[in-house]
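This report concerns only the one structure given below.
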Amino acid sequence: MADAWKEAMELAEKTARRAGEVVCAALQVERSVMTKSCSVDLVTQTDQQVEQLIIQSVRDKFPMHRFIGEESVAAGEPCVLSDEPTWIIDPIDGTTNFVHAFPFVAISIGFSVNKQMEFGVVFSCLEDKMYTARRGGGAFCNGERLQVSSQEDIQQAMVCTEFGSSRDPEVVEKIFCSLRAVLSIPTHGVRGAGTAAINMCLVASGCVEAYYEIGIHVWDIAAGALLVTEAGGVLMDVQGGPVDLMSRRVLAANSPALAERLLQEIHSFCPIRDDAAPSL
Ligand SMILES: O=P([O-])([O-])O[C@@H]1[C@H](O)[C@H](O)[C@@H](O)[C@H](O)[C@H]1O
Ligand SMILES: [Mg+2]
Ligand SMILES: [Mg+2]
């Protein structure tokens with residue numbers, strides 16, 4: 001049967017590549033930095049420019065489709081995931097990396113219909129790695145099929161997480177309590193690429209066994225979520241149970257057993273949901 005979303009997925013890949021060129025070019029010149037929710041929640045003109053480029057390219061071909069874009073939501077657009085075909089866009093995932101020229105930056109485009117992810121595209125533009133996943137069609141990096149790690153022993157595992165952009169002392173305390181607990185299992189180590197999307201692609205690629213974070217947004221993880229499940233991994237809420245993309249909490253792992261083991265170490269909290277916040 002013909003793939004109903006083939007053309008849309010091809011457009012996502014093509015647009016992500018074009019966006020990546022814009023991001024790489026912007027890294028060669030000085031970047032003027034602005035802030036959003038707090039002094040460490042950064043945004044640049046390139047984030048905004050890339051989001052407009054992606055939205056415009058999609059609108060030209062699919063005028064009826066909806067969007068959830070990080071910078072549009074920051075500008076006051078609603079963050080609503082309906083049953084309609086919806087493009088979930090993070091124009092630069094890893095803006096802090098981008099500002100500092102720390103070399104992991106991604107363009108993340110997820111596409112959902114009936115609230116189900118149909119495809120995900122994550123372009124790690126400085127590494128020139130195009131990660132793609134189609135529901136039921138597998139996960140790939142530059143055309144090579146991805147498979148999560150088969151490591152079942154948590155003590156042989158490496159885990160990704162991030163510190164996020166909240167500096168609320170209670171949040172920072174919980175993040176460090178989780179970090180100490182995960183390190184002390186002991187695991188082989190804890191890493192963070194500085195982009196949720198790439199962290200999830202690292203789980204899909206089998207480089208790390210798991211990634212967890214509280215405080216991310218739907219645009220950080222929508223595309224990566226499909227990469228993980230299509231590579232054979234699992235997604236959960238950090239307190240167990242199914243992941244809710246709007247809840248700002250995610251645990252991605254190579255297996256249910258490893259995910260369940262990590263759950264025991266994560267000190268969870270509940271940020272304001274993406275679909276509850278009026279704007280960022
Ligand atoms: O703001 P942005 O660079 O698109 O996205 C951020 C990155 O994914 C970072 O790794 C994660 O820790 C934050 O929670 C995200 O908000
Ligand atoms: Mg992001
Ligand atoms: Mg971003």
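The values are calculated or read from the model by the stated rules, or taken from the named source; none is laboratory data. This one's a predicted model, so the numbers in the text were calculated from it and none came from an experiment. Cβ atoms come from the backbone with ideal geometry, glycine included; neighbour counts cover every protein chain shown. The protein model used for the area step is the full one, side chains on, heavy atoms only, and it has no ligands, DNA or RNA in it. Shrake-Rupley method; radii C 1.70, N 1.55, O 1.52, S 1.80 Å.
I'd like the full set of residues that are under 14 Å from G232 (Cα atoms) and either assigned to a loop (DSSP other than H, G, I, E, B) or without any contact (Cβ under 8 Å) to a residue 12 or more places away in the chain (or both), limited to the stretch 132-149.
R135, G136, G137, F140, R145, L146, Q147, V148, S149
Are there any pairs with C-beta distances below 7 angstrom linking a residue in the stretch 185-206 that is among the basic types (K, R) to a residue that is modelled with pLDDT of 95 or more and away from ligand 3 (no atom under 15 Å from the Cβ), with the two at least 6 apart or on different chains, and if so which?
Qualifying pairs under 7 Å: R191/M158; R191/C160; R191/V208.
Looking at (1) open to solvent by 20 Å² or more (accessible area, probe 1.4 Å); (2) touching a Ser or Thr at 6+ places or on another chain (Cβ under 7 Å); (3) not aliphatic (A, V, I, L, M), can you tell me which one D128 breaks?
(2)
If you go through the stretch 175-195, how many residues are over 21 Å from F123 (Cβ atoms) and open to solvent by 10 Å² or more (accessible area, probe 1.4 Å)?
Count: 13.
Residue under question is E71, and the condition is that it be in contact with a Pro (Cβ under 8 Å, 6 or more places away or on another chain) and within 16 Å of W219 (Cα to Cα); does it hold?
Details: in contact with a Pro (Cβ under 8 Å, 6 or more places away or on another chain): yes; within 16 Å of W219 (Cα to Cα): yes.
In short, yes.
In the stretch 95-118, how many are open to solvent by 10 Å² or more (accessible area, probe 1.4 Å) and either of a type outside the set (V, I, T) or more than 14 Å from ligand 1 (Cβ to nearest atom) (or both)?
12
Hey, among the residues in the stretch 101-126 that are of a type in the set (A, V, I, L, M) and part of a loop (DSSP other than H, G, I, E, B), which one's nearest to L245 (Cα to Cα)? Even if it seems obvious, please write down each step before you answer.
Start the filter on the stretch 101-126 by keeping residues that are of a type in the set (A, V, I, L, M), which leaves 101, 105-107, 109, 113, 117, 121-122, 126.
Narrowing the set further to residues that are part of a loop (DSSP other than H, G, I, E, B) leaves 101, 105, 126.
Numbers: A101: 29, V105: 21, L126: 27 Å.
So the residue we want is V105.
Out of all the residues in the stretch 72-102, which are away from ligand 2 (no atom under 16 Å from the Cβ) and either within 13 Å of the chain's Cα centre (by Cα) or under 20 Å from L226 (Cα atoms) (or both)?
Of everything in the stretch 72-102, those that are away from ligand 2 (no atom under 16 Å from the Cβ) and either within 13 Å of the chain's Cα centre (by Cα) or under 20 Å from L226 (Cα atoms) (or both) turn out to be V80, L81, S82, D83, E84, P85, T86.
Can you go through V159, V105, V148 and tell me which one is among the β-branched types (V, I, T), within 18 Å of the chain's Cα centre (by Cα) and closer than 30 Å to Q28 by Cα?
V105
Look at V182 and say whether it is touching a residue at least 12 places away in the same chain (Cβ under 8 Å), assigned to a loop (DSSP other than H, G, I, E, B) and over 24 Å from K36 (Cβ atoms). I'd like the intermediate steps shown before the answer.
Numbers: touching a residue at least 12 places away in the same chain (Cβ under 8 Å): yes; assigned to a loop (DSSP other than H, G, I, E, B): no; over 24 Å from K36 (Cβ atoms): yes.
So V182 fails the test.
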